[in-house]
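The values are calculated or read from the model by the stated rules, or taken from the named source; none is laboratory data. Because the structure is a prediction, the values reported are computed rather than measured. Positions of Cβ are backbone-derived with ideal geometry, glycine not excepted, and every protein chain shown enters the neighbour counts. Just the protein is used for accessible areas: all its heavy atoms, side chains included, with ligands, DNA and RNA removed. Shrake-Rupley method; radii C 1.70, N 1.55, O 1.52, S 1.80 Å.
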Amino acid sequence: MTVLGNIISTIFGHAGAKPSPTSPGTGPASAGPTSSTSSAAKGAPAAAPQSAVDVEAVLTKLAAQNKEKLDWRRSIVDLMKLLKLDSSHSARKELAKELHYTGNTNDSAAMNVWLHKQVMIKLAETGGKVPDGLKT
């Protein structure tokens, strides 16, 4: 699974939702099973289409449960840590490659700002409800 796919799947998984399989940028991430698909496989009635996942609410709840104070609203590193994903420079470089970053990946400050914005945009494109302030 891609780094972006892991981010999206983790957030949507905490919301009990599944990312839109036709959304751009998710690739194979949407193919993984979720709690909603496993309940359907057990013969449960299909649920009505879900409303958009409130990304801010999911992340705020996770942050409240985390003993470490993480600034996920501005930091891609803290966002990845909050989701218990690899936040190393190499993982962020891989994410930058997935998202077609054209800047210098050794300028981690500029890359990190760009990555955070792009991840929030991709979350919105995948069916997440993301406040405009987190996409700019």
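Taking region 9-26 only, how many residues are at pLDDT 90 or above and within 16 Å of Ala57 (Cβ to Cβ)?
Qualifying residue count, region 9-26: 4.
May I ask you to say which residue of Asp78, Asp132, Asp86 is under 24 Å from Gly13 (Cβ atoms), of a type outside the set (Val, Ile, Thr) and open to solvent by 80 Å² or more (accessible area, probe 1.4 Å)?
Going through Asp78, Asp132, Asp86 in turn, the sole match is Asp86.
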